[in-house]
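Student: My questions all concern the structure below.
The values are calculated or read from the model by the stated rules, or taken from the named source; none is laboratory data. Predicted model, so just to flag it, every value in this text is computed and none were measured. With ideal geometry, Cβ positions are generated from the backbone for all residues, glycine too; neighbour counts draw on all protein chains shown.
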Amino acid sequence: MPQRLSKPPPKATRRRRRLTRHGIRRSDYYAWLKDANWQQVMKAPAVLAPEIRAYLEAENAHTKDWLADTGALQAVLFAEMRGRIKEDDSTVPDADGDFEYYVDYVTGGQHPRYCRRALGGGPQEIHEEIREEILLDGDTEAEGQAYFKIAGAEHSPDHARFAFAADLNGSERYAIRVREIGGDGDMGDVIEGMAIEGARGDFAWGNDARTLYYTELDDKLRPWCVKRHVLGDDPAVAQLVYEEKDPGFFVAIGKSQSGRFIEITAHDHTTTEIHLIDADALDPRPMLIEARNPGVEYSIAHVKMPPGKHGGERLYILTNADGAVDFKIMQAPLAAPGRANWRDVISHEPGCLIRTMLEFSGHLVRLERIDGLPRITVRDLKTGGEHAIEFDEEAYELGLVPGYAFETTNLRFTYSSMTTPRRTFDYGMTTRTRTLRKEQEVPSGHQPADYVTRRLFAAAPDGEPVPISLLHRADTKLDGSAPLLLYGYGSYGMSMPASFSSNRLSLVDRGFIYAIAHIRGGTERGYGWYLDGKLDKKPNTFKDFIAAAEHLIDAGMAVPGRIAIHGGSAGGMLVGAAANMAPDLWGAVVGEVPFVDVLNTMCDGDLPLTPPEWPEWGNPIEDQEAYQTIASYSPYDNVARQDYPPILATAGLTDPRVTYWEAAKWVAKLRALKTDANPLLLRTNMEAGHGGASGRFDNLKEVAIVHAFLLKVFGMAA
C-alpha cells in the first residue's frame with residue numbers, strides 16, 4: 001500500500017528553454033532552477049531567488065515527510081555509527097624540531113584540535129614549560145557558525161606562528177588566519193578568497209617564517225594565481241608570484257618534502273606544468289621544470305645526495321612521458337631540470353601503475369597498484385636496491401603518510417581492509433621492520449572474524465575483467481535473499497579503495513551485502529583502465545557497473561530489484577546513467593551531490609570546473625562528436641517515460657563542484673516523466689556544499705538518512 005503523506009510531492013514548473021548547438025535542437029524545461037546570480041549564492045546563500053528557494057524547501061519538506069516514520073531508526077543508526085567512533089581520538093604525533101605535532105578530538109567535539117607538545121630531547125626550558133599546547137580548537141572556532149570546516153593548518157618553520165584556512169559556508173572559499181603561538185588570538189593578517197583544491201592545493205610557509213604563499217580564486221571560483229603575503233602587510237598588496245592565463249588549468253601549491261622549494265602546479269586532468277620557488281628567497285622567481293605538453297603529466301621529488309659520484313641536488317620525476325601509460329620515474333639535475341635531461345630510473349612496467357612517490361634524503365618510496373591491489377616499494381637512493389612491503393589479505397588499501405622529517409629512514413604508512421580497521425605503521429626502510437603505532441578503535445566493538453571480504457571479477461560486454469570487492473557478515477546467506485548495495489565511481493582516474501568503513505557496518509549487520517565495482521574510469525587496473533573510461537569511451541564505465549551487478553546475480557548472490565546502487569558526485573552520474581539504462585535491475589538508487597546534468601554543465605564555460613574538465617568528458621561546445629557522446633549518456637538528458645526504482649538525491653546549496661541545480665533539475669524531470677509510484681526524494685542541505693555537513697557527528701546524521709531510506713525501501717526499517 002502506498003504511504004500516506006501530508007502533501008503530494010512538489011512539481012516544478014515547466015518553462016521551455018530552446019537550445020541549439022551543432023545544428024542539434026533540444027529543450028530544457030528546468031533550466032530556471034539555476035539561479036542567474038549563482039556566483040553570489042555561493043558566497044551568500046541568502047540571496048538565492050525566492051522561487052528557487054521555495055521549490056528546494058518544498059522538496060526538503062516532502063523528503064522529511066516520507067522519512068518521518070524512520071525517525072527512531074535514524075536515531076538508532078546515528079547512535080550505532082557514533083558508537084563506533086573513538087570520540088577522544090588522536091593522530092600519531094609527528095616530530096618536527098623540538099616538538100611533535102598532532103591532531104585530536106575531545107569527547108563530544110565535532111571539530112579537530114591542532115596541538116603540540118615538547119619532545120624530551122628539546123631544550124630544558126621548553127620541555128618543562130610546554131607539556132601540551134592547543135594551537136587551534138576547532139570547536140571553539142565553530143561556535144555560532146552553521147557551517148565550519150578547517151581545510152588546511154600549518155605551523156611556521158620557526159614554530160612561532162600557526163596559520164589555518166577555514167570555510168564558513170561550504171562554498172570552498174577559504175580565509176587564512178595567522179596567530180602567534182601562545183598569543184592572545186589572531187593577528188591582523190586575514191587572507192580572503194583563498195583556494196584549496198582537494199588534496200593538491202594548500203598554502204605554504206616561506207622558510208623565513210614571515211611569508212605565506214597561497215592560491216587565490218577568481219570571480220568564477222577558479223584557483224588562478226599564486227600570491228605571496230608578508231605578515232604585517234595589507235593582504236590587498238600581496239605580491240603576485242604566478243598567474244595562470246588558461247581558464248582550463250587550475251593552480252595548486254605545496255612544499256617539497258625537503259623543505260627547499262615551494263611547488264606551483266598548473267594542471268587539468270591530463271596535463272601538468274610545474275614551477276619551483278626557492279623557499280628561502282625574498283624575491284621569488286618561479287623556475288619552470290618543463291612546459292606543458294598536452295597529455296603529459298608529471299610530478300616531482302627533490303633530493304640532495306651526499307657528495308660523490310651521484311651526489312648533488314636532483315629531481316625525480318614521476319611521469320607518463322614517452323608513452324609510459326602506467327607511469328615511470330625519471331631523474332634530472334636540479335640545475336638543468338628540463339625534459340631534455342630526464343633519464344629513466346624506474347622503467348615503465350605495463351600493468352603496474354605508479355600512483356605516487358614520497359622522497360626522503362636517502363630513499364624514494366613509491367605507491368603502486370597492480371591488478372587492483374596496492375603495493376609499497378622502497379628504493380635506496382645510494383645503492384639502487386629495492387624491496388616491497390608484503391601484506392596478506394585478499395583485498396586491502398594502503399596509504400603513504402608524509403611527515404615533517406626528511407632526513408630519516410622511517411616511513412609511515414596506513415593499512416586497512418574492508419574487515420580490518422585502519423592501522424598506522426612506522427617502517428624502518430633500512431631495517432625492514434614495522435612498528436604498529438595506532439589501530440583504529442571501534443569502541444562499540446568489532447570482530448573482523450564476523451565478516452568476510454572477497455574479491456571477484458565480472459566480465460564486461462567487451463570481455464574485460466571488472467574487479468569487485470565484496471563485504472558481508474559471515475552468517476549472511478549468499479543465495480539472493482540478502483539485499484545488495486553496489487557502490488561505484490569510475491571517473492578522473494580515482495581508485496575506490498577496499499578499505500575499512502565503520503559506517504557501512506550498520507547496513508551489513510542488518511543483512512546487506514556491500515560491493516564496490518572497480519569500473520573503468522578509475523585506475524584500479526592501471527592508467528589504461530582510466531583511459532578506457534573517459535571521453536568517447538565513457539560508456540564503458542556504465543556498462544562495467546551493470547556487468548558487475550549481472551555477475552553478482554549470475555553468481556546467485558543477488559536478484560534483480562534487490563540491488564541498491566550508490567554513488568556521489570561523478571558516481572552520481574554513474575548511478576543516474578545506470579538507472580536510465582537498466583531500471584529493472586535496481587531496487588533503489590542513491591545519488592549524493594550527483595553530476596547528472598553533464599551536457600548543460602560541459603556547455604557552460606563560466607562554471608568553475610567546466611574548462612578543466614573538458615579533457616575528462618570532451619568539449620561539446622567545439623566538438624560535435626563530444627556533444628553527441630555526452631548527450632547519449634547524460635542522466636538528465638536521458639530521463640525517459642518509464643518506471644524507475646525508488647530514488648534519493650542530495651545536494652548542497654553552496655556546492656561549487658556539482659551545483660545544487662543538477663540534482664534539482666534531475667528530480668524535477670524524473671517526477672514529470674516517470675511512470676511508477678515509487679518514492680522520488682530530493683534533500684538539499686541549505687547550509688553546506690559538496691561534502692555535506694561539516695561536523696563529524698552532523699555528517700553521521702546525513703549518512704543515517706541514506707541508510708534509513710535504503711532500509712525502508714527494502715522493508716527492513718522495523
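Student: So which of Pro461, Pro402 ends up being in contact with a strand residue (DSSP E or B) (Cβ under 8 Å, 6 or more places away or on another chain) and either among the aliphatic types (A, V, I, L, M) or surrounded by fewer than 20 Cβ atoms within 10 Å (Cβ to Cβ) (or both)?
Tutor: On inspection, the qualifying residue turns out to be Pro402.
Student: For region 420-432, does any single residue satisfy the condition of being closer than 28 Å to Leu531 by Cα, at pLDDT 95 or above and out of contact with any helix residue (DSSP H, G or I) (no Cβ under 7 Å at 6 or more places or on another chain)?
Tutor: Among the residues of region 420-432, not one is closer than 28 Å to Leu531 by Cα, at pLDDT 95 or above and out of contact with any helix residue (DSSP H, G or I) (no Cβ under 7 Å at 6 or more places or on another chain), which makes the answer no.
Student: Being touching a strand residue (DSSP E or B) at 6+ places or on another chain (Cβ under 9 Å) and more than 25 Å from Glu87 (Cβ to Cβ): is that true of Ala649 here?
Tutor: Here the answer is yes, as Ala649 does meet what is asked.
Student: In addition: Just name the residue that is modelled with the highest pLDDT out of those in region 216-231 that are among the hydrophobic types (A, V, I, L, M, F, W, C) and assigned to a loop (DSSP other than H, G, I, E, B).
Tutor: Leu231
Student: Looking at Val345, Val365, Val303, which one is assigned to a strand (DSSP E or B), closer than 18 Å to Arg432 by Cα and among the hydrophobic types (A, V, I, L, M, F, W, C)?
Tutor: Selected residue: Val365, the only one of Val345, Val365, Val303 that is assigned to a strand (DSSP E or B), closer than 18 Å to Arg432 by Cα and among the hydrophobic types (A, V, I, L, M, F, W, C).
Student: Do you know which residues across region 208-242 are surrounded by fewer than 15 Cβ atoms within 10 Å (Cβ to Cβ) and within 23 Å of the chain's Cα centre (by Cα)?
Tutor: Across region 208-242, the qualifying residue is only Asp218.
Student: Can you name the residue in region 403-432 that is of a type in the set (Phe, Trp, Tyr) and assigned to a loop (DSSP other than H, G, I, E, B) and, of all such residues, is farthest from Asn503 (Cα to Cα)?
Tutor: So the residue we want is Phe406.
Student: Also, quick follow-up: Would you confirm, using the coordinates I've provided, whether Asp283 is acidic (Asp, Glu), modelled with pLDDT of 95 or more, surrounded by fewer than 21 Cβ atoms within 10 Å (Cβ to Cβ) and outside any strand (DSSP E or B)?
Tutor: no
Student: To continue, here is another question. Given the conditions (1) in contact with a strand residue (DSSP E or B) (Cβ under 6 Å, 6 or more places away or on another chain); (2) farther than 30 Å from Phe457 by Cβ; (3) hydroxyl-bearing (Ser, Thr, Tyr), and given that Ser361 satisfies all but one, which numbered condition is not satisfied?
Tutor: The number of the failed condition is (1).
Student: Tell me yes or no: at least one residue of region 67-78 is more than 29 Å from Gln440 (Cβ to Cβ), out of contact with any Leu (no Cβ under 8 Å at 6 or more places or on another chain) and in contact (Cβ under 8 Å) with a residue 24 or more places away in the chain.
Tutor: yes
Student: I'd like to know if region 368-377 contains one or more residues that are touching a residue at least 40 places away in the same chain (Cβ under 8 Å), touching a Pro at 6+ places or on another chain (Cβ under 9 Å), surrounded by fewer than 20 Cβ atoms within 10 Å (Cβ to Cβ) and over 20 Å from Ile274 (Cα atoms).
Tutor: yes
Student: Which residues, counting only those in region 523-542, are of a type outside the set (D, E, K, R), within 18 Å of Gly576 (Cα to Cα), surrounded by 22 or more Cβ atoms within 10 Å (Cβ to Cβ) and touching a helix residue (DSSP H, G or I) at 6+ places or on another chain (Cβ under 8 Å)?
Tutor: Listed by number, the residues that qualify are Gly533, Thr541, Phe542.
Student: Taking only region 217-266 into account, find how many residues are farther than 27 Å from Tyr316 by Cα and small (Gly, Ala, Ser).
Tutor: Counting residues in region 217-266 that are farther than 27 Å from Tyr316 by Cα and small (Gly, Ala, Ser) gives 3.
Student: Does Arg343 satisfy being in contact with a helix residue (DSSP H, G or I) (Cβ under 8 Å, 6 or more places away or on another chain), closer than 21 Å to His275 by Cα and either surrounded by 19 or more Cβ atoms within 10 Å (Cβ to Cβ) or without any contact (Cβ under 8 Å) to a residue 60 or more places away in the chain (or both)?
Tutor: Answer is no for this residue.
Student: Let me ask something else. For region 488-495, indicate whether the set of residues that are hydroxyl-bearing (Ser, Thr, Tyr), at pLDDT 95 or above, more than 23 Å from Phe595 (Cα to Cα) and out of contact with any Cys (no Cβ under 7 Å at 6 or more places or on another chain) is non-empty.
Tutor: no
Student: Which residues, taken from region 607-624, are of a type outside the set (S, T, N, Q), part of a loop (DSSP other than H, G, I, E, B) and closer than 12 Å to Asp536 by Cα?
Tutor: The answer is Gly618, Pro620, Asp623.
Student: Of these, Tyr644, Tyr627, which one is among the aromatic types (Phe, Trp, Tyr) and outside any helix (DSSP H, G or I)?
Tutor: So the residue among Tyr644, Tyr627 that is among the aromatic types (Phe, Trp, Tyr) and outside any helix (DSSP H, G or I) is Tyr644.
Student: Would you pick out the residues in region 666-688 that are under 24 Å from the mean Cα position of the chain (by Cα) and within 19 Å of Arg16 (Cβ to Cβ)?
Tutor: Trp666
Student: I've got another one for you. Could you say which residue among Ala631, Ala626, Ala663, Ala677 is within 28 Å of His707 (Cα to Cα) and in contact with a Leu (Cβ under 9 Å, 6 or more places away or on another chain)?
Tutor: Matching residue, one of Ala631, Ala626, Ala663, Ala677: Ala663.
Student: Restricting to region 570-593, name every residue that is farther than 24 Å from Glu625 by Cα and under 22 Å from the mean Cα position of the chain (by Cα).
Tutor: Val589, Val590, Gly591, Glu592, Val593
Student: I need a count of the residues in region 34-60 that are more than 25 Å from Asp167 (Cα to Cα) and among the hydrophobic types (A, V, I, L, M, F, W, C).
Tutor: Residues in region 34-60 being more than 25 Å from Asp167 (Cα to Cα) and among the hydrophobic types (A, V, I, L, M, F, W, C): 2 in total.
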